[in-house]
Amino acid sequence: MAELLFEILCEEIPARMQEKAGLDLGRMVGDALKKAGLVVESLKVLTGPRRLVLVAELPLRSPDIKEERKGPRVGSPEQALAGFMRGAGLTDISQAEIRSDKKGDHYVAVIEKQGRDASEVLAEILPQIMGSFPWPKSMKSGTTSFRWVRPLQSLLCLLDGQVVDFEVNGFKTGDTTQGHRRMSKHKLFHVKQFADYKKKLETEGFVILDAQDRKDLILKDALSACAKAGLELVEDKGLLDEVAGLAEWPVVILGDMDPSFLELPGEVIRLSMRTHQKYFAVRDPKTGNLAPNFIVVANQAAPDGGKAIAQGNSRVLSARLADAQFFQSEDAKHKLGDYYDKLDGVVFHQKLGSIRDKSERVVDLARELAPIVGADPDKAEQAARLAKCDLVTNMVVEFTSLQGQIGRLMAEREGIDADICEAIEDHYKPQGPADRVPTNSVAVAVALADKLDTLVGFWAIDEKPTGSKDPFALRRAALGVVRIILECSAGVKLLRIIYTKTIPAILADMSGVKVDEGLKDIYAIHDRNVISDEELSVLREVQFNRMNVDMDFWKSEKGSNITFAWSKGLLFFILERLKGYLRDQDVKHDTIDAVFALGGDDLVDIVNRTEALQSFLLTDEGANLLAGYKRAANILKAEAQKGDLPEATPHAGTQAEETALFEAIQEAKPQIETALASENYADAMTALSKLRTPIDNFFEKVTVNANNADERENRLALLIQIRKTAKTIADFDKIEG
């Protein structure tokens, strides 16, 4: 095996792209070499701010290949022979051998492919890989159409110590590389193998090649610097990953700042350090509060030990924190609630009004949801009214990611109730699958109201997600609704809330009128679940456009039918997110389908039913009952194809096993109904499981398709009762097995 060393040196690669670029390079080179018949071993890719480096072991030449390809029988039509020769690379059928087997004589093409030198293969595939490399963003440099993340500087490619010759965008491969941009002073290093390459770069070149080595060094030196000063590092894995991608020769420096800046909220200080300056925050281990210091990672070793670098970074940080102090002092001149009217000047969406319009809707909905989730309605209303107010403060305008946090801090300074303060910050949560869910009941009410209003609003203006496009993060909002309801065990009837509370408010805002009691009465829940072609045509024409919506129309029966169908569509969208959530919890897809087939809009109830069903099916009773159910369902399906099934009510019948099954069904039905009414699905499954033995005995001893018509009708009616009884719990037809 020979060693391959391939380095791509270019201008600075964005830190966020380096890890994936390394994975892509390793995958693409490995796949291409294997396709060429070269066995690749010990493949490794190193990434850094200016270079991608690939090291691997592979043979100097791919093996010769002998392949036999069976063809058509002797005497086959010309077209069949021509196709065979084309595929086998033959120019005449005489080049194929004739062999015999049980089916007669047929042609066999013996294809021999000579191996290729690995250097020849590399010179062919590496330029192709670079030309099609999947950078998220790339640029052209020079006069060619070649694109790379940043302009190339050099290419190094060695196989067994020898240069592999090829060219990309005017850069020819060689055996030289460069070290650190400043510290190695553009010195060229001639290398023969990876060990030599690594040693020269990490000593004379001042370049640490491995990203993990850079991370370990940064963390070790940062902890050491803090310990010497009696401080404690605020560890940040994300920031550590980023700064390791910014420095080839990381040098940790402890800087300080004016202690007066500690009067600012810790969130503001950490955000300024992390996001804008790439500094690590430092805290006092005695108090746990932030210290007037920071850790900066320089990309060079300074002659003065980093004093000038620390002072320069301190000045930059001080300027930004001074701005934050000014913004805080200006914001403090007003109470948080004073900013409410200013929300009218911030557009939420052109067709959905301002942030204040949205806040008014969320206020009403949060108050409605509060008793359901166990919150104080007055607190929920106040929290919803204040939740968005910090969006127009100077601090949030400057530090947008602190929305909610700034509002909470302002509310705390005013002495507002702690539940309301927590809700102001947490109503945005969860903002992703890894984000936590609010647990305070007031925060739950406001968070649910905010997300439901967003979903209904964008559904109303026909801005639904399409394919992979979801510009308004509606899938995330729907998953947030699912997680909040489930993790807080909130028994929210989603369809009722969407149809009777959220939609009327949205339509009223779009029409510029207030929701009156008459409109609320019109939107009483009904059982209709079908939308006519005429109503669908009107729905498409109106598109819930602000200019075309007529509230009199939405008060009509036709308008309410349309919006009910629309509500069902949004509920389906949310339930699809629930399905994904359950699959992530290892619930089987057919179990999910069996429960979802029954409908329902109470997510907690649906999940409880699903979990109970899955547990039941894992038992012997569940598996055997399912087998009996499937047998009954298959008989009914076959009989339905012959004609209508009987509608008669079953009775005890003529055989003992028939009577036993009838009595077992009669006993189980009320037990199941009682258990379902109290949402005790374990007891419902237990009651259903009592049918197992009577069903088994019935099928063993009783002939369903009896010659006597009355007996046949009664036995089919019993099977129908089995199906109906089971379907009160779940649609067992959906379950595989």
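The values are calculated or read from the model by the stated rules, or taken from the named source; none is laboratory data. All values derive from a computational prediction rather than experimental measurement. Cβ: placed from backbone, ideal geometry, glycine included. Neighbour counts: every protein chain shown.
Listing for the model above:
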item	result
Selection count where residues are of a type outside the set (K, R), under 30 Å from R214 (Cα atoms) and either buried (at least 18 other Cβ atoms within 10 Å of the Cβ) or touching a helix residue (DSSP H, G or I) at 6+ places or on another chain (Cβ under 8 Å) (or both), scope the range 49-92	7
Any chance A118 is buried (at least 19 other Cβ atoms within 10 Å of the Cβ), out of contact with any Cys (no Cβ under 9 Å at 6 or more places or on another chain), over 19 Å from F6 (Cα atoms) and not β-branched (V, I, T)	no
Single condition R320 does not satisfy, out of (1) out of contact with any His (no Cβ under 7 Å at 6 or more places or on another chain); (2) farther than 28 Å from S184 by Cβ; (3) surrounded by 14 or more Cβ atoms within 10 Å (Cβ to Cβ); (4) not assigned by TED's automatic domain parsing to the domain that holds D357	(1)
Contacts under 6 angstrom Cβ, first residue in the range 135-161 being closer than 28 Å to L4 by Cα, partner among the β-branched types (V, I, T), 6 or more apart	W135/V149; S138/V149; V149/I13; L155/T173; L156/T177; C157/V164; C157/T173
Boolean, L582 is touching an Asp or Glu at 6+ places or on another chain (Cβ under 8 Å), among the hydrophobic types (A, V, I, L, M, F, W, C), at pLDDT 70 or above and under 22 Å from I498 (Cβ atoms)	no
Unmet criterion (only one of (1) touching a Ser or Thr at 6+ places or on another chain (Cβ under 8 Å); (2) within 27 Å of R270 (Cα to Cα)) for C389	(1)
Residue in the range 38-48 that is of a type in the set (G, A, S) and in contact with a Leu (Cβ under 8 Å, 6 or more places away or on another chain) present	yes
Elements of type helices (runs of 4 or more DSSP H) contained in the range 177-281, each with 2 or more residues being charged (D, E, K, R) and either assigned by TED's automatic domain parsing to the domain that holds E19 or farther than 23 Å from A21 by Cβ (or both)	194-203, 211-228, 266-271
Filter result for A730 (free of Cβ contacts under 8 Å to residues at least 40 places away in the same chain and surrounded by 18 or more Cβ atoms within 10 Å (Cβ to Cβ))	no
Residue in the range 144-156 that is closer than 15 Å to R51 by Cα and aromatic (F, W, Y) present	yes
Odd one out for A310, checked against (1) of a type in the set (G, A, S); (2) over 30 Å from M183 (Cα atoms); (3) part of a helix (DSSP H, G or I)	(2)
Pairs with Cβ under 6 Å, 6+ apart, first in the range 249-277 and closer than 15 Å to A222 by Cα, second of a type in the set (K, R) and crowded, with 21+ Cβ neighbours inside 10 Å	P250/R214
Filter result for the condition that a residue is out of contact with any Ser or Thr (no Cβ under 9 Å at 6 or more places or on another chain), of a type outside the set (S, T, Y) and closer than 30 Å to L201 by Cα, over V55, V110, V40	V40
From D323, D364, D344, residue being in contact with a strand residue (DSSP E or B) (Cβ under 7 Å, 6 or more places away or on another chain) and either more than 20 Å from I424 (Cα to Cα) or in a helix (DSSP H, G or I) (or both)	D344
Residues located in the range 188-207, provided they are crowded, with 16+ Cβ neighbours inside 10 Å, closer than 21 Å to T173 by Cα and either in contact with a strand residue (DSSP E or B) (Cβ under 8 Å, 6 or more places away or on another chain) or in contact (Cβ under 8 Å) with a residue 40 or more places away in the chain (or both)	F189, V191, F194, Y197, K200, L201, G205, V207
Residue tally, condition of a type outside the set (G, A, S), within 17 Å of A2 (Cα to Cα) and modelled with pLDDT of 90 or more, over the range 29-69	18
Among the candidates T173, T203, residue that is among the hydroxyl-bearing types (S, T, Y) and at pLDDT 95 or above	T173
Any hit, the range 110-118, residues being at pLDDT below 95 and assigned to a helix (DSSP H, G or I)	yes
Test: residue in the range 300-307 that is part of a helix (DSSP H, G or I) and farther than 28 Å from Q18 by Cα	yes
Test: residue in the range 123-134 that is buried (at least 19 other Cβ atoms within 10 Å of the Cβ) and either of a type outside the set (V, I, T) or more than 20 Å from V29 (Cβ to Cβ) (or both)	yes
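One line per residue, one yes/no per condition, for (1) among the aliphatic types (A, V, I, L, M); (2) surrounded by 21 or more Cβ atoms within 10 Å (Cβ to Cβ):
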{"site": "R361", "(1), (2)": "no, yes"}
{"site": "L386", "(1), (2)": "yes, yes"}
{"site": "V392", "(1), (2)": "yes, no"}
{"site": "M395", "(1), (2)": "yes, yes"}
{"site": "R413", "(1), (2)": "no, no"}
{"site": "D419", "(1), (2)": "no, no"}
{"site": "E425", "(1), (2)": "no, yes"}
{"site": "Y428", "(1), (2)": "no, no"}
{"site": "G432", "(1), (2)": "no, no"}
